[in-house]
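Engineer: Below is a structure I'd like to ask you about.
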Amino acid sequence: MKLRKLGQHGPEIGAIGYGAMSFSDFYGPTSEAASHAVLNHCREVGLTHLDTSNIYGMGRSEEAIGSYFAQHPEAKRDFVIATKASITRDSSGARIFRNDRKHLESELDASLQRMGVDHVGLFYVHRRDPAVPIEEVTESLAAIVKTGKALGFGFSEIAPSSLRRAAKVAHVTAVQSEYSLSTRAPELGLVQACGELGTALVAFSPVGRSLLTDRPLSFEAVQTLDFLRGNPRFMSPNYEANVRAAKAFRVLAAEMGLSAAGLANAWLLAQGEHVIPIPGTRSVAHLEDCLQGAAVDLSSEDLARIEAVLPVGWAHGDRYSDAQWIGPERYS
């Protein structure tokens, strides 16, 4: 697989990574055996960046990685792992964000234990606590890096202005954001700021939570998934409109000899050398569809054809509901 740098000072990794939220039941039931099969395939094809979090399945994603490493200890050197912390609950059970160093480091320690590793390649603040200045959070993250428990740090779902403030304190390895042909907001400053600052832009949900694949989730399947059934893009009539709108993209991908997921990931890779898609799937076959994108270099004509069938703003409905918007920073 092609290689890309994880930030200007980071290691080289496969141009496409893997989003291990799928090792939990977030997008449907899975198993340890299925997760291990995906990890085996990642090693076979040179996919070296794994993205997880302490809250994916309340530790289940990290535990799947840990059990794999327990069976294949030599595999630890094949992966650059990213994990996250900061989303937690207070004494009443309410969801809150904690950005203090004590919490972040203790959660990282627990993640390392679940995965059976002594460090990760990248440690993110999953959501910002608006009461804590980002400069202070950056100092905490830089201090954690100095302990050797993480080789770099980043933020998930922050605004370009926040990135620029943080970068004045210490180099930010990566920013993670939803970015795809159906979610173009990062082009309003984040793609540019990351490029200028030497920060990787790690793009999650690169296939639009299935809309940009050859087999979008059925409306019936959506109803079984807590997150999606309350997501505006997957609620009727938006769901039906989005599936119809993406049909031309599926046809175009077939004409180009690619799966729709492969073309969606190829499009992201064409948006800058610092952009790294991290598709997630429970299936090796679906992962292969996504990885087709790493084998293609799209021409300007190809990009124009894609833009013609899926112009900016084509998607019906917001990417998050009001409740899901609590935490991510809006900047457009």
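The values are calculated or read from the model by the stated rules, or taken from the named source; none is laboratory data. Not measured: the values here are computed from a predicted model. A quick note on method: Cβ atoms are made from the backbone with ideal geometry, for glycine too, and the neighbour counts reach across all protein chains shown.
Engineer: Are there any pairs with C-beta distances below 7 angstrom linking a residue in segment 71-91 that is of a type in the set (Phe, Trp, Tyr) to a residue that is in a loop (DSSP other than H, G, I, E, B) and surrounded by 15 or more Cβ atoms within 10 Å (Cβ to Cβ), with the two at least 6 apart or on different chains, and if so which?
Structural biologist: 79/48
Engineer: Among the residues of segment 11-54, which ones are within 19 Å of residue 120 (Cβ to Cβ), assigned to a loop (DSSP other than H, G, I, E, B) and at pLDDT below 95?
Structural biologist: 24
Engineer: List the number of the failed condition for residue 63; all other conditions in (1) within 18 Å of residue 227 (Cβ to Cβ); (2) modelled with pLDDT of 95 or more hold.
Structural biologist: It fails just one condition, (1).
Engineer: Is at least one residue of segment 95-103 polar (S, T, N, Q), more than 27 Å from residue 76 (Cβ to Cβ) and not in a helix (DSSP H, G or I)? Give the steps one after another, and end with the answer.
Structural biologist: Going through segment 95-103, the residues polar (S, T, N, Q) turn out to be 99.
Those still in the list that are more than 27 Å from residue 76 (Cβ to Cβ) too: 99.
Right, trim to not in a helix (DSSP H, G or I) and you get 99.
Yes; the residues of segment 95-103 include at least one that is polar (S, T, N, Q), more than 27 Å from residue 76 (Cβ to Cβ) and not in a helix (DSSP H, G or I).
Engineer: Determine if segment 223-241 includes at least one residue that is outside any loop (DSSP other than H, G, I, E, B), over 23 Å from residue 325 (Cβ atoms) and among the aliphatic types (A, V, I, L, M).
Structural biologist: Checking segment 223-241: not a single residue is outside any loop (DSSP other than H, G, I, E, B), over 23 Å from residue 325 (Cβ atoms) and among the aliphatic types (A, V, I, L, M).
Engineer: Same structure, new question: Of the residues 59, 116, 93, 46, only one is touching a strand residue (DSSP E or B) at 6+ places or on another chain (Cβ under 8 Å), surrounded by fewer than 20 Cβ atoms within 10 Å (Cβ to Cβ) and over 21 Å from residue 167 (Cβ atoms); which?
Structural biologist: Just one listed residue meets the conditions, 46.
Listed here are the residues, each with its yes/no results for (1) surrounded by 15 or more Cβ atoms within 10 Å (Cβ to Cβ); (2) in contact with a helix residue (DSSP H, G or I) (Cβ under 9 Å, 6 or more places away or on another chain); (3) not hydroxyl-bearing (Ser, Thr, Tyr).
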position	(1), (2), (3)
250	yes, yes, yes
254	no, yes, yes
260	yes, yes, yes
292	yes, yes, yes
327	yes, no, yes
330	no, yes, yes
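Engineer: Taking the options 157, 196, 178, 139, name whichever one is without any contact (Cβ under 8 Å) to a residue 40 or more places away in the chain, acidic (Asp, Glu), surrounded by fewer than 23 Cβ atoms within 10 Å (Cβ to Cβ) and within 25 Å of residue 54 (Cβ to Cβ). Even if it seems obvious, please write down each step before you answer.
Structural biologist: Numbers: 157 fails: without any contact (Cβ under 8 Å) to a residue 40 or more places away in the chain; 196 fails: within 25 Å of residue 54 (Cβ to Cβ); 178 fails: without any contact (Cβ under 8 Å) to a residue 40 or more places away in the chain.
Among 157, 196, 178, 139, only 139 is without any contact (Cβ under 8 Å) to a residue 40 or more places away in the chain, acidic (Asp, Glu), surrounded by fewer than 23 Cβ atoms within 10 Å (Cβ to Cβ) and within 25 Å of residue 54 (Cβ to Cβ).
Engineer: Could you figure out which of (1) farther than 19 Å from residue 178 by Cβ; (2) surrounded by 14 or more Cβ atoms within 10 Å (Cβ to Cβ) isn't true of residue 218?
Structural biologist: Tallying (1) farther than 19 Å from residue 178 by Cβ; (2) surrounded by 14 or more Cβ atoms within 10 Å (Cβ to Cβ), residue 218 fails exactly one: (2).
Engineer: Right, next: Show the residue pairs that are 6+ apart or on different chains and have beta-carbon atoms under 6 Å apart, the first residue being within segment 271-298 and over 15 Å from residue 253 (Cβ atoms) and of a type outside the set (A, V, I, L, M, F, W, C), the second being assigned to a helix (DSSP H, G or I) and at pLDDT below 95.
Structural biologist: Here the result reads 280/21; 280/22; 281/22; 282/22; 282/34, each pair linking segment 271-298 to a residue that is assigned to a helix (DSSP H, G or I) and at pLDDT below 95.
Engineer: Name every residue in segment 236-258 that is in contact with a Leu (Cβ under 9 Å, 6 or more places away or on another chain) and either at pLDDT below 95 or farther than 17 Å from residue 310 by Cα (or both), in order of residue number.
Structural biologist: Of everything in segment 236-258, nothing turns out to be in contact with a Leu (Cβ under 9 Å, 6 or more places away or on another chain) and either at pLDDT below 95 or farther than 17 Å from residue 310 by Cα (or both).
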